[in-house]
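Here is the structure we will look at.
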Amino acid sequence: MLKLFYAPNACSLAPHIALNEAGADYEAVKVDTQGGEQRSAAYLAINPKARVPSLVTDRGILTEVPVLLGFIARSFPKAELAPTDSYDFFQMQSFNTYLASTIHITYAHIFRPERYADSDAAKADMRAKAPKSLRDQFQLVEDMLADGREWIHGGKYTVSDPYLYVFARWFDRDGVGGMKDLPRITAHRARMQTRPAVKKALEQEGLAPV
Ligand SMILES: N[C@@H](CCC(=O)N[C@@H](CS)C(=O)NCC(=O)O)C(=O)O
């Protein structure tokens, strides 16, 4: 059986939702990242990067959200969570990688500046600049939804949708600045919260809709 290591409201919420969408048989294991459990010997043996998510499969352990999302989509093809066409699949992965390597990292400049700098002044500088960068980065996503599409890649829901949802949930976190005037992403976020798989993951992680 698959085993997902997650922390509530973290990026691991995306594969958590995807597993529910897929109808997968899995166990969800909470990691207390606030308390530092990701740095415990037991967790480092699972993921030496000391991060969530990790997905234990019958062939080994996978890490990195875009990889988990691709794996879940390909492992449960009946759920149709990703395009079958190769080019379209990698367009989806291109979007997912943008979220991982750009948007997530800009958030980390606000929430985890100690990863990137030591001095208080440098950390304050990063925190001050990040909301504007993030707003510009989200504008590209907002523009993708400008043609009225329901889901990020068009009429069909994919694993990119729960991934975007995670980062749209963080709009109102301290230091982010609210990410105003992004009505299409905000409407996408509301649409996501009507899905049974999302409601179930929120309940499992003890989270409220936003
Ligand atoms: N590149 C990784 C990032 C994973 C990551 O940063 N996870 C955060 C939660 S969103 C975490 O584990 N934070 C704990 C820490 O920084 O100690 C991925 O996409 O999976």
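The numbers here are math on the coordinates, done by the rules we state, and not lab data. Values in this document were obtained by computation on a predicted structure and should not be read as measured data. Backbone-built Cβ (ideal geometry, glycine too); neighbour counts: all protein chains shown.
What the table below lists for this structure:
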| item | result |
| --- | --- |
| In the stretch 122-210, trypsin sites (Lys or Arg not before Pro) in a DSSP loop with at most 11 other beta-carbon atoms within 10 Å | 180 |
| The chain, Cα convex hull volume normalised per residue, Å³ | 123 |
| Using θ = phi - 60° and Karplus 6.51 cos²θ - 1.76 cosθ + 1.60, couplings along the stretch 122-133 (whole Hz; Gly, Pro as x) | 5, 5, 5, 4, 5, 4, 6, 7, 4, x, 5, 4 |
| Using θ = phi - 60° and Karplus 6.51 cos²θ - 1.76 cosθ + 1.60, couplings along the stretch 194-210 (whole Hz; Gly, Pro as x) | 8, 7, x, 5, 6, 4, 5, 5, 4, 5, 4, 8, x, 10, 9, x, 10 |
| In order through the stretch 143-154: 3J(HN,Hα) via Karplus (6.51 cos²θ - 1.76 cosθ + 1.60), integer Hz, x for Gly, Pro | 5, 4, 8, 5, 7, x, 4, 7, 10, 5, 9, x |
| Non-local Lys pairs in the chain, i.e. 8 or more apart or on different chains, that have alpha carbons under 25 Å apart | 19 |
| Spatial separation of Cα centroids for the stretch 135-195 and the stretch 102-127, in angstrom | 23 |
| Total formal charge among the other residues, if their Cβ is under 10 angstrom from that of residue 73, Lys/Arg +1 and Asp/Glu -1 | -1 |
| Sites matching chymotrypsin sites (Phe, Trp or Tyr not before Pro) across the stretch 86-156 that sit in DSSP coil, with at most 14 neighbouring C-beta atoms within 10 Å | 116 |
